[in-house]
1. What do you reckon, is Ile143 within 16 Å of the ligand (Cβ to nearest atom), touching a Ser or Thr at 6+ places or on another chain (Cβ under 9 Å), farther than 19 Å from Ala199 by Cα and among the hydrophobic types (A, V, I, L, M, F, W, C)?
2. Quick one: how many residues across segment 196-219 are touching a residue at least 60 places away in the same chain (Cβ under 8 Å) and in contact with a strand residue (DSSP E or B) (Cβ under 9 Å, 6 or more places away or on another chain)?
3. Regarding segment 166-184, can at least one residue be identified that is free of Cβ contacts under 8 Å to residues at least 60 places away in the same chain, polar (S, T, N, Q) and within 15 Å of the ligand (Cβ to nearest atom)?
4. Are there any helices (runs of 4 or more DSSP H) wholly within segment 1-97 with 2 or more residues that are touching an Asp or Glu at 6+ places or on another chain (Cβ under 7 Å) and surrounded by fewer than 19 Cβ atoms within 10 Å (Cβ to Cβ), and if so which?
5. Write out, first by first residue and then by second, each pair whose Cβ atoms fall under 6 Å of each other, whose residues are 6+ apart or on separate chains, and whose first residue, in segment 30-57, is within 16 Å of Val68 (Cα to Cα) and without any contact (Cβ under 8 Å) to a residue 12 or more places away in the chain while the second is small (Gly, Ala, Ser) and assigned to a helix (DSSP H, G or I).
6. Against the condition modelled with pLDDT of 95 or more, farther than 16 Å from Leu15 by Cα and within 15 Å of the ligand (Cβ to nearest atom), how does Val187 come out, does it pass?
7. Please verify whether segment 123-144 includes one or more residues that are over 15 Å from the mean Cα position of the chain (by Cα) and within 17 Å of Asp18 (Cβ to Cβ).
8. Run down Ala157, Ala115 and say which single residue is within 16 Å of the ligand (Cβ to nearest atom) and modelled with pLDDT of 95 or more.
Amino acid sequence: MTSSTSARAPFLVLLDVDSTLIEDEVIELIADYAGVTAEVTEVTERAMAGELDFEESLRDRVALLEGVSAADVASVVDRVVVTDGVPELVAGVHEAGGYIAAVSGGFHEILDELAERLGLDRWRANRFEVSDGKLTGRVSGPIIGREAKRETLLEWAEELGVDPTRTVAIGDGANDLGMMSAAGLSVAFDAKPVVREQAHVSLPDRDMRQVLHVLGLQG
Ligand SMILES: [Mg+2]
């Protein structure tokens with residue numbers, strides 16, 4: 001990415017959100033309000049390890065959240081902790097003429113505010129179905145799972161005029177393997193074993209500045 005002939009060609013860094021861009025699994029924070037944290041955490045863990053189908057497991061977990069108020073969901077954003085080094089990564093990618101975006105198996109209700117604050121170029125996530133100010137326990141629209149993340153990477157690369165070989169996908173869970181397999185460079189970030197095994201690069205420490213070094217954008 002640093003050769004003189006390609007230094008100005010655009011590139012795209014696409015991040016997973018839960019446990020990658022942020023320290024948390026947002027659905028677990030929301031589960032607190034429904035008193036179902038243990039159940040949701042166990043299913044999330046198994047889905048991220050690749051033991052469960054992501055889409056089905058998400059529907060099952062969201063069903064447990066029925067009745068949580070939309071106001072409580074919105075308040076969760078205040079509890080989210082952004083991963084160390086994310087602002088530096090965003091700034092470094094932009095300085096180098098790249099794009100940085102996020103695609104999430106989590107939820108727009110949380111990601112919208114976060115992504116705007118961080119200055120991401122694009123983001124996409126699932127959406128809760130809400131009725132009378134409460135979650136119905138269903139997901140609104142198609143689920144952003146493993147295949148949707150892969151399609152998102154290719155769709156945004158094309159829209160932004162980025163050659164697919166100049167895309168970077170960063171994630172921690174099995175639902176990130178689709179976008180990671182389609183990316184020019186795949187980065188496992190403090191990831192599950194199944195993800196570490198398949199990524200080009202595995203970063204064990206939770207510091208996103210490491211990605212700048214991998215991309216040759218710092219040092
Ligand atoms: Mg994740």
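The values are calculated or read from the model by the stated rules, or taken from the named source; none is laboratory data. Fair warning: this is a prediction, and the values are worked out from it, not measured in the lab. In this analysis, Cβ positions are derived from the backbone assuming ideal geometry, glycine residues included, and neighbour counts consider all displayed protein chains.
1. Numbers: within 16 Å of the ligand (Cβ to nearest atom): yes; touching a Ser or Thr at 6+ places or on another chain (Cβ under 9 Å): no; farther than 19 Å from Ala199 by Cα: yes; among the hydrophobic types (A, V, I, L, M, F, W, C): yes.
No: the conditions fail for Ile143.
2. First pass over segment 196-219, keeping only residues touching a residue at least 60 places away in the same chain (Cβ under 8 Å): 206-212, 215-218.
With the extra rule that they be in contact with a strand residue (DSSP E or B) (Cβ under 9 Å, 6 or more places away or on another chain), the set shrinks to 206, 208, 210-211, 215.
Counting residues in segment 196-219 that are touching a residue at least 60 places away in the same chain (Cβ under 8 Å) and in contact with a strand residue (DSSP E or B) (Cβ under 9 Å, 6 or more places away or on another chain) gives 5.
3. no
4. On the way: elements: 26-34, 37-48, 54-63, 70-75, 86-95.
The qualifying helices (runs of 4 or more DSSP H) are 37-48.
5. Thr37/Ala31
6. Working: modelled with pLDDT of 95 or more: yes; farther than 16 Å from Leu15 by Cα: no; within 15 Å of the ligand (Cβ to nearest atom): yes.
In short, no.
7. In the first step, residues of segment 123-144 are kept if they are over 15 Å from the mean Cα position of the chain (by Cα); the result is 128-142.
Of the ones still in play, those that are also within 17 Å of Asp18 (Cβ to Cβ) are 128, 139.
For segment 123-144, residues over 15 Å from the mean Cα position of the chain (by Cα) and within 17 Å of Asp18 (Cβ to Cβ): present.
8. On the way: Ala157 fails: within 16 Å of the ligand (Cβ to nearest atom).
None of the others qualify; the one that does is Ala115.
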